[in-house]
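Colleague: One structure coming up, written as structure tokens, with questions to follow.
The values are calculated or read from the model by the stated rules, or taken from the named source; none is laboratory data. Worth saying up front: this structure is predicted, and the values here are computed from it rather than measured. Because the Cβ atoms are built from the backbone with ideal geometry, glycine has one as well, and the counts that use them run over all protein chains shown.
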Amino acid sequence: MTYPPRTRRKFVQTVLVSSAAISLPAFAQAPAFPSRPIRLICPWPAGGSTDAVMRSLAESAGKALGGQVIVENKPGASGMLGPNELVNARPDGYTLSQLTIGVARLPHMQKMQFDPLKDFTYIACLTGYTFGLVVRADSPIKSVKDLVDYGKANPGTFTFGSPGNGTTPHLAVEEFAFKAGIKLQHVPFKGVAEGMQSLLGGHVMSHSDSTGWASHVDAGTLRLLATYGSKRTKRWPNVPTLHELGYETLADSPFGIGGPKGMDPAVTRKLHDAFKKTLEDPAVLSTFEKYDQSVIYMTSDDYAKFIREQYVKEKDIIEKLGLSMKT
């Protein structure tokens, strides 16, 4: 049966209006974010200082979001397994990861799965590590001067552990050794817990890391030789920084939360606001204090700008230390 043109137009209009009416309720009822648990990757082992901080942040952010943020540990690859996973994750806000300075540094040292300038949504920078170099309490190395003297007398034999190649604790010691004119032997681990076991067991002579070693220092089983920040810590005010000892090795190392590229700005903003709110939570601040971390907050835009600038600075440092990726 053939309809006249006018009747046919009216029929098509009726179908379109009906379709819109049917689809409108479904659109209007789209679930608010988050409608299911958010996965937050901690790219370090369970039980370490980063794990404790990330779990505190996750619990607090979950409360602010009215949902649940679940921490998943993916240790190894110098903290890059989390960022690697973001590359192929859906940009829906349900897969997040801790992002360290390593995302701006390691691409200069080795081929990576990601481009830090293109592949992430930087949500918020939240805090930063205190790093230091520790030895066993019974070590004959009682100061940085002793270490330098030993290094000059025994080139390449003093061993130090770190949480991985290219991490800040690794490169800070490499920079110190470069400026001191000594050669040390680096031994990478997956995290501070593994490094502590090796040091306490006598398998390495020292360990460079964040303050997962703090309880051992306070208990007197380890000796803290130096920290790497721009000023002495409140917790160990008698311990010098490498900078003040004349080695100008500054290693303030902020970190934050990121997601895949292409996230909805509204979801990014909601996540940003929730994680920013964690910085007012006494439980989170208590965890920061336990591991001698301070609040280092940056907005999403400022955090992205910081990584862009750091990417350039890290290239210069890596080239100076002779650790650039071989092509």
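Colleague: Does T130 count as of a type in the set (V, I, T), farther than 25 Å from S253 by Cα and touching a strand residue (DSSP E or B) at 6+ places or on another chain (Cβ under 8 Å)?
Modeller: Considered against the rule, which asks whether it is of a type in the set (V, I, T), farther than 25 Å from S253 by Cα and touching a strand residue (DSSP E or B) at 6+ places or on another chain (Cβ under 8 Å), T130 comes out as no.
Colleague: For the stretch 71-94, give me the residue count where each residue is under 18 Å from the mean Cα position of the chain (by Cα) and over 19 Å from L271 (Cβ atoms).
Modeller: 10
Colleague: Which condition number in (1) more than 18 Å from G195 (Cβ to Cβ); (2) touching a helix residue (DSSP H, G or I) at 6+ places or on another chain (Cβ under 6 Å); (3) of a type in the set (G, A, S); (4) surrounded by fewer than 24 Cβ atoms within 10 Å (Cβ to Cβ) is the one that G67 fails?
Modeller: Unmet for G67, out of (1) more than 18 Å from G195 (Cβ to Cβ); (2) touching a helix residue (DSSP H, G or I) at 6+ places or on another chain (Cβ under 6 Å); (3) of a type in the set (G, A, S); (4) surrounded by fewer than 24 Cβ atoms within 10 Å (Cβ to Cβ): (2).
Colleague: In addition: Find the strands (runs of 3 or more DSSP E) located wholly in the stretch 179-289 whose residues include 2 or more that are surrounded by fewer than 19 Cβ atoms within 10 Å (Cβ to Cβ), without any contact (Cβ under 8 Å) to a residue 60 or more places away in the chain and in contact with a Ser or Thr (Cβ under 9 Å, 6 or more places away or on another chain), and list them.
Modeller: 185-188
Colleague: Has the stretch 96-116 got any residue that is over 25 Å from M325 (Cβ atoms) and touching a residue at least 24 places away in the same chain (Cβ under 8 Å)? Break it down stepwise before answering.
Modeller: First, the residues of the stretch 96-116 that are over 25 Å from M325 (Cβ atoms): 96.
After this cut, where a residue has to be touching a residue at least 24 places away in the same chain (Cβ under 8 Å) as well, the list is 96.
Within the stretch 96-116, one or more residues are over 25 Å from M325 (Cβ atoms) and touching a residue at least 24 places away in the same chain (Cβ under 8 Å).
Colleague: Could you go through the stretch 301-309 and let me know if any residue there is crowded, with 19+ Cβ neighbours inside 10 Å, within 20 Å of the chain's Cα centre (by Cα), farther than 16 Å from I101 by Cα and in contact (Cβ under 8 Å) with a residue 12 or more places away in the chain.
Modeller: No: the stretch 301-309 contains no residue that is crowded, with 19+ Cβ neighbours inside 10 Å, within 20 Å of the chain's Cα centre (by Cα), farther than 16 Å from I101 by Cα and in contact (Cβ under 8 Å) with a residue 12 or more places away in the chain.
Colleague: On to the next question. Filter the stretch 125-147 down to residues that are part of a helix (DSSP H, G or I) and buried (at least 23 other Cβ atoms within 10 Å of the Cβ), then give me how many there are.
Modeller: Of the stretch 125-147, the ones part of a helix (DSSP H, G or I) are 144-147.
Among the residues that remain, those that are also buried (at least 23 other Cβ atoms within 10 Å of the Cβ) are: 147.
Of the residues in the stretch 125-147, 1 are part of a helix (DSSP H, G or I) and buried (at least 23 other Cβ atoms within 10 Å of the Cβ).
Colleague: If you check Y150, Y122, which single one turns out to be in contact with a Gly (Cβ under 8 Å, 6 or more places away or on another chain), of a type in the set (F, W, Y) and surrounded by 15 or more Cβ atoms within 10 Å (Cβ to Cβ)?
Modeller: When all the criteria are applied, what remains is Y122.
Colleague: Now for a different question. State the number of residues belonging to the stretch 69-99 that are assigned to a loop (DSSP other than H, G, I, E, B) and modelled with pLDDT of 95 or more. I'd like the intermediate steps shown before the answer.
Modeller: Let us first name the residues in the stretch 69-99 that are assigned to a loop (DSSP other than H, G, I, E, B), namely 74-76, 80, 89-94.
Next, from what is left, pick out any that are modelled with pLDDT of 95 or more: 74, 80, 89-94.
Within the stretch 69-99, residues that are assigned to a loop (DSSP other than H, G, I, E, B) and modelled with pLDDT of 95 or more number 8.
Colleague: Output the residues belonging to the stretch 290-327 that are among the hydroxyl-bearing types (S, T, Y) and either assigned to a helix (DSSP H, G or I) or within 23 Å of F178 (Cα to Cα) (or both).
Modeller: S300, Y303, Y311, S324
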